[in-house]
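Colleague: The following block contains the structure, expressed as structure tokens.
The values are calculated or read from the model by the stated rules, or taken from the named source; none is laboratory data. Here the structure is a predicted model, which is why all the values come from computation and not from measurement. We place every Cβ from the backbone using ideal geometry, glycine too, and count neighbours over all the protein chains shown. Side chains included, ligands, DNA and RNA excluded: accessible areas come from the protein's heavy atoms. Shrake-Rupley method; radii C 1.70, N 1.55, O 1.52, S 1.80 Å.
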Amino acid sequence: MTNTDNGFSATRRLILQGAGAVALVGLGNLPFAPAFAAANDKYPEEAFKQKTEADAIKSLYGKTAEASDKVKMDAPEIAENGAVVPVSVTTTLADVTSISFLVAENPVALVASYKIPAGTMPNVANRIKMAKTSNVIVVVEAGGKLYSATKEVKVTVGGCGG
């Protein structure tokens, strides 16, 4: 009877190992690759060093953006605390590949830049830091062109400038 128990345990173990292997192989077919590819893109170091929004956009994209009503930015009119200003963007543009946030009067204009993998909904929200009252600019790259939206946010309490 001991042989039967060992045989059963070995069979059960083989079945579980086989099921685990099949599950792992099945995971290989899921669409994780675009997210991993976006995570391995080169960090835009030069763009994050620029002092003006125009220089940051040129350094990041190599071209200028045009204002578009298809880029919808949600930001407060007045930010009570410049250290945490909620900003979000949505767009109806097709083939969005990146979304960037810039603040004109910050010591460094580029606040954040996101690569958007294919098939991802182009909606991004962030809490940004603002030194003082300034224009917040959102740049969306879609179909090889740049589109933007701008809104002035008034800061009433010290942000990143103190």
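Colleague: Sum up the charges of everything whose Cβ sits under 9 Å from the Cβ of S59, counting Lys and Arg as +1 and Asp and Glu as -1, but leave S59 out.
Modeller: That works out to 0.
Colleague: Taking 25 Å as R0, compute the FRET efficiency from the Cβ-Cβ separation of F48 and K145 and round it to 0.05.
Modeller: After rounding to 0.05, the efficiency reads 0.65.
Colleague: Let me ask something additional. Quick one: accessible area per residue over region 75-162, 1.4 Å probe, rounded to a whole number of Å²?
Modeller: That works out to 47 Å² per residue.
Colleague: Carbon-plus-sulfur fraction of the accessible area of region 46-122, 1.4 Å probe, in percent?
Modeller: 53 percent
Colleague: Continuing with the same structure: Can you put L14, L93, L102 in order of accessible area, largest first, using a 1.4 Å probe?
Modeller: Descending order: L14, L93, L102.
Colleague: Grab the other residues whose beta carbon is less than 10 angstrom from that of K151, score K and R as +1, D and E as -1, and report the net.
Modeller: -3
Colleague: Now, a different point. Amide H of V155 versus every other amide H placed in the peptide plane: which residues, excluding those fewer than 5 positions away on the same chain, fall under 5 Å?
Modeller: It is A79, T133, S134, by chain and number.
Colleague: In straight Cα distance, which lysines are under 17 Å from K132, not counting same-chain residues fewer than 8 positions off?
Modeller: Correct list for K132: K51, K151, K154.
Colleague: For region 63-124, calculate the relative contact order in percent as a whole number, restricting contacts to Cα pairs under 8 Å that are 6 or more residues apart.
Modeller: Relative CO of region 63-124 lands at 28 percent.
Colleague: Using a 1.4 angstrom probe on the protein heavy atoms only, line up K132, K63 by accessible area, largest first.
Modeller: Working: K132 105, K63 75 Å².
Most to least solvent-accessible, the answer reads K132, K63.
Colleague: Between A112 and D95, with labels modelled 7 Å along Cα→Cβ, what's the label distance in nm to one decimal, could you check?
Modeller: Here the modelled spin labels are 2.7 nm apart.
Colleague: Find how much the distance from T64 to K132 grows on full extension, using 0.36 nm per residue of separation minus their present alpha carbon separation; answer in nm with one decimal.
Modeller: Between T64 and K132, full extension yields 22.0 nm more.
Colleague: For a quick check: with amide H placed at 1.01 Å from N, whose amide H comes under 5 Å from I128's, ignoring anything fewer than 5 positions away on the same chain?
Modeller: V85, V87
Colleague: Can you pick out the pairs among K72/K115; K42/K129; K49/K72; K70/K145; K70/K129 whose Cα atoms lie more than 20 Å from each other?
Modeller: Among K72/K115; K42/K129; K49/K72; K70/K145; K70/K129, the Cα-Cα distance tops 20 Å for K42/K129; K49/K72; K70/K129.
Colleague: While we're here: For region 58-96 and region 98-115, compute the distance between their C-alpha centroids and round to whole Å.
Modeller: Cα centres, region 58-96 to region 98-115: 9 Å.
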